[in-house]
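First comes the structure, then the notes that go with it.
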Amino acid sequence: MRVRPGSGPMKLLASVRDAAEARIVVEGGADIVDLKDPDKGALGAVSPQVLAEVIAAVGGERPVSAVAGDLPMESEAVLSAVDGLKAAHFVKVGLFPATRAARLAVVEALAPAARQTRLVAVLFADGAFDPTLLPDLAKAGFAGAMIDTIGKGRGDDGRPRGLLAHLALPELAAFVEEARALGLMTGLAGSLEAPDVSRLSAAAPDYLGFRGALTAGGRADPVSLAAVRGLRRILDQAQDAARPAAASIASQDGDLVFVRDMVVPMEIGAYGHERGRRQDVRFGVEARIEPLGADPRGMADIYSYDIIMDAVRLVTARGHVELVETLAVDLAERLLCDGRVRAVTVRVEKLALGPGAVGIEIERRRAAS
């Protein structure tokens, strides 16, 4: 099984520490078995012997990736680590904090190895993130590039410091778009949890990577079959939602998910004096969705308001926009791409023109096929 950039539905990469965990994630529906030792850091490497055991346990049912380790940006050390893991379908190489020149030297030194082994570069959202390296990775023959986090702990508020705490969705989407244009497979990881799946699906990476969310506790705990199956279900549900529904909607029946009074500073306006400065724009969105089931208990059972807020962030992150009408139409079209959404009402208001607010409100329904 080969993973190609943009070749199909978003895949589930499950990080395991040994052959026993590998069998569990395969049974649970993981698409890629990723081998690492969570006790040794963000990309803690395992021995070639453990890699061989995992490959044997998986038996060709899934591709197996392995990480090169938490290594300094020294070409000789990285090359040696990659050479010991070349039995894997992919080897993930972390571009840890260093000067750009040091990272680039490692990338260039790996070019011969990239002709023999499918290499995936790991850029860190919390470790001097540098997406300008993407063209260099493609030139060196890397198969892919992904974003992860070095830190796996919690912030001062006790909440996990996951990927979206370090990079906004528009930045992640831009990374995926540029990498894919260069022919690189793309992935996103970093203390991801179940609610992140539907949000990150908007960026459309080739895969999402998980470790802690696959366990009943933290990332150092054993993987849980129930947790893997739960994530598989959520991922499948996100893919189904991305397929536009064929039927037209005859009525407004259904449940309502809303976001009200979301204020975003952005560059907007048709006048010259409105260029180069930011104005507050307020969004109100109501999404009419398919009725919830009788017993919604998890993220796979609902349409999250986070999807609406992320869509607002995406349409406002593209640079200067002249018209509120453009924002409203673009936002409605983006939300209606989700098969669960029957109709949307979008209100966009500029707040800096004298009256309390001026703007537009539109209603859109899913068109008949």
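For the pair A168 and L323, how long in nm is the line joining their label points, each one 7 Å along Cα→Cβ?
Between A168 and L323, the label points sit 2.4 nm apart.
Tell me which residues come under 5 Å, amide H to amide H, from V281 once H is placed; ignore anything under 5 positions away on its chain.
V264, M266
Within 13 Å, Cβ to Cβ, of R347, how many net charges do the neighbouring residues add up to if Lys/Arg are +1 and Asp/Glu are -1?
Details: positive: R260, R282, K350, R364; negative: D261, E286, E325, E349, E361, E363.
Taking every other residue near R347 into account, the sum is -2.
Treating the angle as unsigned and between 0 and 90°, give the value, to the nearest 10°, between the Cα long axis of helix 48-58 and the longest Cα principal axis of the chain.
Here the helix axis deviates by roughly 60 degrees.
Under a point spin-label approximation (7 Å from Cα along Cα-to-Cβ), what is the A216-L256 distance to one decimal in nm?
4.2
Relative to the longest principal Cα axis of the chain, at what angle does helix 225-241 sit, 0 to 90 degrees, rounded to 10?
It is inclined by approximately 40 degrees.
Could you calculate the contour length gain from E193 to C337, that is, 0.36 nm times the residue separation minus the distance between their Cα atoms, to one decimal place in nm?
Result: 49.5 nm gained on full extension.
For the range 1-102, run through the trypsin sites (Lys or Arg not before Pro) and keep only the ones in DSSP coil with at most 12 other Cβ atoms within 10 Å of their Cβ.
Listed in order of number, the matching sites are R2.
Taking every DSSP beta bridge that has both residues in the chain, what percent is antiparallel when rounded to the nearest 5? Could you put the intermediate results ahead of the total?
On the way: 29 of 59 bridges.
If I count the DSSP bridges inside the chain, around 50 percent turn out antiparallel.
Taking Cα extents along the principal axes in Å straight from the coordinates, which label in (i) 67, 61, 36; (ii) 67, 51, 43; (iii) 67, 42, 39 is the correct one?
Recomputing Cα extents along the principal axes in Å here gives the entry labelled (ii).
So, in nm, how far is label A352 from label D295 when the simple model puts each one 7 Å beyond its Cα toward the Cβ?
5.2
With only alpha-carbon atoms in the gyration tensor, what are the semi-axes of the equivalent ellipsoid for the range 1-78, in Å, largest first?
Here the semi-axes work out to 22, 16, 11 Å.
Cα-based count: Lys pairs in the chain below 19 Å, eight or more positions apart or different chains?
Total qualifying Lys-Lys pairs in the chain comes to 9.
List the relative contact order of the chain as a percent without decimals, with contacts defined as Cα pairs under 8 Å and 6+ residues apart.
The value is 13 percent.
Could you work out how far the C-alpha centroid of the range 162-211 sits from that of the range 298-369, in angstrom?
The range 162-211 and the range 298-369 have Cα centres spaced 21 Å from each other.
Between E286 and E177, take the C-beta separation as r, use R0 = 25 Å, and let me know the FRET efficiency to the nearest 0.05.
0.30
I'd like the orientation of helix 169-181 relative to the chain: the angle between its Cα long axis and the longest Cα principal axis, in ° from 0 to 90, rounded to 10.
The helix 169-181 is inclined about 60 degrees to the chain.
Values quoted throughout were computed directly from the atomic coordinates according to the rules given, and no laboratory measurement underlies them. These figures come from a predicted structure and were not determined experimentally. Glycine gets a Cβ as well: all are built from the backbone with ideal geometry, and neighbour counts include every protein chain shown.
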